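The values are calculated or read from the model by the stated rules, or taken from the named source; none is laboratory data. If you're wondering where the values come from, they're calculated on a predicted model, not measured in any experiment. Here the Cβ positions follow ideal geometry from the backbone for every residue, glycine too, while neighbour counts run over all protein chains shown. Side chains included, ligands, DNA and RNA excluded: accessible areas come from the protein's heavy atoms. Shrake-Rupley method; radii C 1.70, N 1.55, O 1.52, S 1.80 Å.
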Amino acid sequence: DVLPSPEGPVPSVSITEIRQYLRAQGIPFHDGYSCLHIPSLFTDIREGQPPPPASSVPYTLFIDKTTGSFLCTATLAEGTWQDFQANVELRHRGVPPASSEEPEEDTRQAREDARCIWERAVPLWDLLDEDETNKTKAMFGISLVTDATLKRFGVRYLRTAKSLVFPWFSPRDATLKGLKLMRVEKKGDAISYVEETIPRFDSYRNLFGLPLVSRRDTELVLTGWELDALALNQATGVASLALPRGATCLPPALLPYLEQFKRITLWLGEDLRSWEAAKLFARKLSLKRCSLVRPGDLQPRPLEALNQGLNLTKILRAALPASHKSIVSFRQLREEVFGELVNTEQVAGVKWARFPELNKLLKGHRRGELTIFTGPTGSGKTTFISEYALDLCMQGVCTLWGSFEINNVRLAKIMLTQFAAQRLEDQLELYDEWADRFEDLPLYFMTFHGQQNIKTVIDTMQHAVYMYDITHVVVDNLQFMMGHEHLSVDR
């Protein structure tokens, strides 16, 4: 994904401007947690019929307070703040607003593929014999998850791929929009879960479990994994949803679906990265309504807690409020300090898999730290840093590249070669396979090149942090970004 190009940066809009515009246009609005709620411009009003009274119109259009982007949950129409203004102008002229566009050919094909897989998959509670059901559930560690829970969430099993199938239904009309497949891989004693989504991640706006949420629900637990959502809902009865990319990111397009909840508890996983992600997501969701479950021995991830016979309701009640006051006493920090002492390895940051020596020097990639690499021209800074960043990116660290010296195509070629660990020029038939896998990495490029205005670059970085939950930014290199004439000035 490429961020907006510098020729036409995203025109930023402030919440004050949005409110002023809505008032000037006579559009009523509610102030929500992360969005403004207004009546939809896109729901049908039949010709010749008077518009219904304002009090009875549902507020189904949500405007993101940070970016101005909108989503209508009734029709799934969406767009930028500029698109919204254009639609308001059209309405004044009596032109009916454009309905949501038809999906592109690729998306349509992916949805068709998903439907075929879904039809071939067998309901997990309905396998041929009890023995097969028990073995399958044991393989995924969900022996204690009841058939009733699996049925409620519609989980199926694809025998040919030995994968669980999690459906993604449209919140509007309950049609199947996509799937996530999950299989187990064993390496010695270690078990890892391999996931695949259809369609691809960038069009995967899924919150697993959303169709089960009723309008009356005011409490929610957000998890980082579908199996955790099953365990939580079964053990506590609280509405539980799973984020599509776990603790990696919370796409702003999902925020409108979370507006109805007065209290949201984030229980994303059992490591410190999940804890860091929960703090980041709470800022997006509005701190005052969020609580966080701190990872620890007595508070593992929800599925593990269910399997260990722990009381999940009690763990939820003990969740810490996300909003810290400006002044705190040690008593309030005590639990967090203990957590850091228990998890000294994780506190050191995300370790590099390819550079064990670097781990000894830097301990790992930690958010909030600045690392500067220096060296003469041609000494391999870019080659090394692209591999250094790729290593973290493959472990789920959302990375933003600002390559001011070499263009993005060349940089992506270097990184793809490092990712495939082979010369793809000699085996072009493998290109699509590696490119597909590379595309799934949480990796984004700024489209700047050469000398740039610092403010524009920083605005673009901030936009990326909000949109894609970026936790690692690479600037290559400072000299090119600043331009040579600024080097005498301390900037």
With a 1.4 Å probe and every protein chain kept in, tell me what percent of the accessible surface of the stretch 215-348 is carbon plus sulfur.
-> 50
When the helix-only estimate is applied to the chain (DSSP H runs of n ≥ 4, each -39,500 (n - 2.57), divided by the residue count), what is the mean residue ellipticity at 222 nm, nearest 500 deg cm²/dmol?
-> -10000 deg cm²/dmol
Pairs beyond 31 Å (Cα-Cα), from Lys284/Lys351; Lys137/Lys363; Lys177/Lys455; Lys137/Lys262 | Lys137/Lys363; Lys177/Lys455; Lys137/Lys262
Given labels modelled 7 Å from the Cα in the Cβ direction, how far is it in nm from Val57 to Ala148?
-> 4.3
When the dipole is taken about the Cα centre of the stretch 102-204, and only Lys, Arg (+1) and Asp, Glu (-1) are charged at their Cβ, what size is it in debye, to the nearest 20?
-> 220
In nm, what is the difference between 0.36 nm times the number of residues separating Asp271 and Val88 and their Cα-Cα distance?
-> 61.3 nm
If amide H atoms are built 1.01 Å from N in the plane of the peptide, which residues on other chains or at least 5 residues away come under 5 Å of the amide H of Phe208?
-> Ala242
In nm, to one decimal, how far is the Asp217 label point from the Ser14 one, both placed 7 Å along Cα→Cβ?
-> 3.7
Go through Thr107, Ile198, Ser163 and say which Cα lies farthest out towards the positive end of the charge dipole of the stretch 102-204; charges sit on Cβ, +1 for Lys and Arg, -1 for Asp and Glu.
-> Ser163
Can you tell me the accessible area per residue over the chain, all protein chains present, probe 1.4 angstrom, in square angstrom?
-> 54
Of Asn343, Pro376, Leu430, which is farthest along the charge dipole of the chain in the positive direction, counting Lys and Arg as +1 and Asp and Glu as -1 at C-beta?
-> Asn343
Of [x] 35, 33, 25; [y] 38, 26, 24; [z] 36, 29, 24, which is the value of semi-axes √(5λ) of the Cα gyration tensor in Å derived from the coordinates here?
-> [x]
About its Cα centre, how strong a charge dipole does the chain have in debye, to the nearest 20, once Lys and Arg get +1 and Asp and Glu get -1 at the Cβ?
-> 1800
